[in-house]
Amino acid sequence: MRRRILYLRSVTLCGLFFSTLVQAQIDPDVTEKTKILYNNLKVIQNSNYFLFGQEFFNSFKYSSGSAHGDKEYADAYAVTGAYPVVLGSDFHYYIDKSATERGYHTEAVRWAYQKGLIVTFDWHISARNTTSYSCNGAPVNLAKNIANQNNTTGDLTWFYNELDKVIDIINNDLVFDGEKIPIIFRPFHEMNGNWFWWGAACSGFTPAEYKKLYQLTADYIKERTTSILFCWSPNSPVNSTIINNYYPGDAYVDILGLDMYEITADPFRQYMGAIVDYAQSHNKVAVLSESGYRNDTENGDAAARYWNDTVLPAIMNDPSGKSQKIAWALTWINSSWSHPYVPHAASTAAAKQSFINFKSSDRVMFSDEVENMYQPIVVLSAAEGIEQDDVKVQVIPEQHQIIVEFKDFSMPVLVSIHDVSGKRIAEEKTTRQKTTFSIEKLMIKPGLYIVKVTGGAKTITQKVYVL
């Protein structure tokens, strides 16, 4: 039975009192749901689990060489019965692909948001007058000209036009039921590599100029949107020197990520530790923004086993505990022209079982174990609980218990626990002023629950989140 009890050392969060949440967004004018999402990520990174994500999980599948329009299908779901919690997308596939494909990806994002899942966007922006985002073939000094706002060749004007396309997508396409969908935007990723036209080895582009490019981009987008969080993610290897050289600044970054494929434990822990240290010292969120095993292009076991046999122990067995302080881990696209980053319908039984084992870990969360990420996570600290009116609810992690205390009720009192659909999970009638429920005995799954206390004509409800 999987169950998690999350307790924060000195934090009590209550969905009834949103103003008590810590807000560290670089754009204070974002929507309330964008703020809630960020605060939920803060809670998750300090928990004992992380979320799993995949790029285009419901608009690409391994059996196809192109995007598809069945937004409810995902290879991960076909194997495990649950979706990743984080959906990765890419503005390149909106701007440089067909209108039909753009529609597929847009509907996939809307569907994920409707389900309460998280959406993150990178941008493989094609260089000016090309259809490629690589350094090779890019116009000389393209990144330098934009960063230094040198428009003698028209590079800056071109770039602003590209940003306007992205902003139009954010404000007009990424909308559901009249609400702008909060997204985590990860521009100019892997800047310390030599493969992108904004990379370190392309046209003598310096770290100082990279910072200018990122800052210019963030400022321009922030002024024209209200639903964006910004993620900055170097490629491995990374250390404090690389971070200090390329980090755009606290006013431009909400989330720090690490891109690292084919990881091995010790290097990963070193690089992830550097990201986590910096994120925590700057009050940001850390994530594993890209990972996967790229050496398995068939239906074999290696790519699937990578998650349970390599990634999970590398994170959870880190002696320093730093690698555990991430909000999510995301892998790349499943498609016939890419790699099977997660197993699919035609994978071997061993491959599928390994990924199911990964999903079943009490350290990993898929869609069937999370609430709406745009509603505040209700968390009780181990000692404090949440007290409202005459009812106090506590979670005791060490004993796997929910303790309910109450006063000023007519006896006997009926205490019950309900899931979010209203289904009664447990109840107890008592003449005492305290009762205890066993999470283990009741087989309570992770999620949000309502505790209801009724005595005579008096009824009080409280929320509790079991992780």
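The values are calculated or read from the model by the stated rules, or taken from the named source; none is laboratory data. Note that the structure is predicted; figures quoted are calculated from it, not measured. Here Cβ is always computed from backbone atoms with ideal geometry, including for glycine, and neighbour counts include all displayed protein chains.
Looking across region 72-96, the residues that are closer than 18 Å to Glu290 by Cβ and assigned to a helix (DSSP H, G or I) come down to Asp75, Ala76, His92, Tyr93. Restricting attention to region 97-138, which residues are assigned to a strand (DSSP E or B) and within 17 Å of Glu55 (Cα to Cα)? Hits for region 97-138 are Ile118, Val119, Thr120, Phe121, Asp122.
Sort out for me the helices (runs of 4 or more DSSP H) sitting completely within region 269-360 that have 3 or more residues that are touching a residue at least 40 places away in the same chain (Cβ under 8 Å) and within 20 Å of the chain's Cα centre (by Cα).
Working: elements: 302-305, 312-316, 349-360.
Hits in region 269-360: 312-316, 349-360.
Please state which one of Gly81, Gly103 is closer than 30 Å to Ile221 by Cβ and in contact (Cβ under 8 Å) with a residue 12 or more places away in the chain. After ruling out the rest, the residue left standing is Gly103. In summary, Thr80 fulfils each of the numbered conditions (1) in contact with a helix residue (DSSP H, G or I) (Cβ under 7 Å, 6 or more places away or on another chain); (2) polar (S, T, N, Q); (3) under 18 Å from Glu107 (Cβ atoms) with the single exception of condition (3). Look at region 435-456: where a residue is in a strand (DSSP E or B) and a partner is of a type in the set (Phe, Trp, Tyr) and crowded, with 19+ Cβ neighbours inside 10 Å, sitting 6+ places away or on another chain with Cβ atoms under 7 Å, you get Leu448/Tyr465; Val453/Phe406; Val453/Phe409; Gly455/Phe409.
Annotation note: of Asp164, Asp168, the sole residue that is in a helix (DSSP H, G or I), free of Cβ contacts under 8 Å to residues at least 12 places away in the same chain and within 30 Å of Glu72 (Cβ to Cβ) is Asp168.
Would you tally the residues in region 185-223 being out of contact with any strand residue (DSSP E or B) (no Cβ under 6 Å at 6 or more places or on another chain), of a type in the set (Gly, Ala, Ser) and either crowded, with 22+ Cβ neighbours inside 10 Å or in a loop (DSSP other than H, G, I, E, B) (or both)? Count: 5. Considering region 109-140, and only residues there that are on the phi > 0 side of the Ramachandran plot and at pLDDT 95 or above, the residue that is surrounded by the fewest Cβ atoms within 10 Å (Cβ to Cβ) turns out to be Asn129.
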